[in-house]
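Any read-out appearing in this document is the output of simple, stated calculations on the displayed coordinates, not a laboratory observation. Nothing here was measured: the structure is a model prediction, and the numbers come from that model. All Cβ positions, glycine included, derive from the backbone under ideal geometry; neighbour counts span all protein chains shown.
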Amino acid sequence: MTARESILVVEDERQIREFIVSALTGVGFSVSEASTVAHAASLSATHPPSLILLDLGLPDRSGIDFIRDYRAWSATPILVLSARAEERDKVDALDAGADDYLTKPFGIAELRARIRALLRRHPLTQATASATLRFGDHVIDCVNRIVRRNGLPIHLSQIEYRLLAFLAANPGRVLTHRQLLTQVWGSRALESHQYLRVYVGHLRQKIEASPAQPKHILTEIGIGYRFEP
């Protein structure tokens, strides 16, 4: 373990959070705490952690939503700690971008072992994290989930924001329909290609100077879309 290895614990139940924090600080980790998605997003941007421990049932937004938004700008590993034991919940979290899933109640020895394994596979990923994405005259504030053009906010729905952030975080890459549907809506929406086309059309109306001749969101016929800054 190095001094850089810090963990963000996102858990709204105080007793559970304090128990985890005590167990981790006792073996030398630097630990920060959050009880809401908003606080977790802010902390992860200002003090990027080496790893995030995330509960799914948070008071302001779903932990799944946090994962999907966070993956637009950071590859920091996420270990979900949840009482939800159904296979569907695990699949949804992993498809959204979680790296591992541990069901409550769990043993501290197993938790520490899973943390060590993730840190071995994802060394210092926080060094590349940036919570601000830019293209043309636009700036995406990934912490507050706000998009501005020339300093003025653009109104986007939650789905429109998530789709734009994921596209903008992967400039020049061809993203397939499957990748976009899984990242934005989840694996249950894999056949909803028409749904994706509708939202891409909405986005083009809001960010493109000429929606009929888009400069940023380009169609790769039969495959998906490519984003050009």
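Tabulated results
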| item | result |
| --- | --- |
| Loop chymotrypsin sites (Phe, Trp or Tyr not before Pro), the range 85-166 (other Cβ atoms within 10 Å of the site Cβ: 15 or fewer; DSSP) | Phe106 |
| Rule-of-thumb Rg ratio for the range 105-229 [Cα; 2.2 N^0.38 Å; N residues] | 1.26 |
| Cα-only radius of gyration and Dmax that characterise the range 157-221, units Å | 11.2, 33 |
| Ordering of 210-220, 90-100, 72-82 by packing [mean C-beta count within 10 Å, highest first] | 72-82, 90-100, 210-220 |
| Computed Kirkwood radius, in angstrom, where 1/r is averaged over Cα pairs of the range 1-159 | 16.2 |
| Cross-link reach list, aspartates and glutamates versus Lys215, counting only Cα pairs under 20 Å and skipping chain neighbours closer than eight places | Asp137, Glu160, Glu228 |
| DSSP beta bridges in the range 6-128 [antiparallel fraction, %, rounded to 5] | 5 |
| Mean separation of Cα contacts under 8 Å (6+ apart) over length of the range 35-116, as relative contact order % | 27 |
| DSSP-defined beta bridges in the chain - what % are antiparallel, rounded to 5 | 55 |
| Förster-model FRET efficiency, 41 Å R0, Arg120 and Gln213, C-beta, rounded to 0.05 | 0.30 |
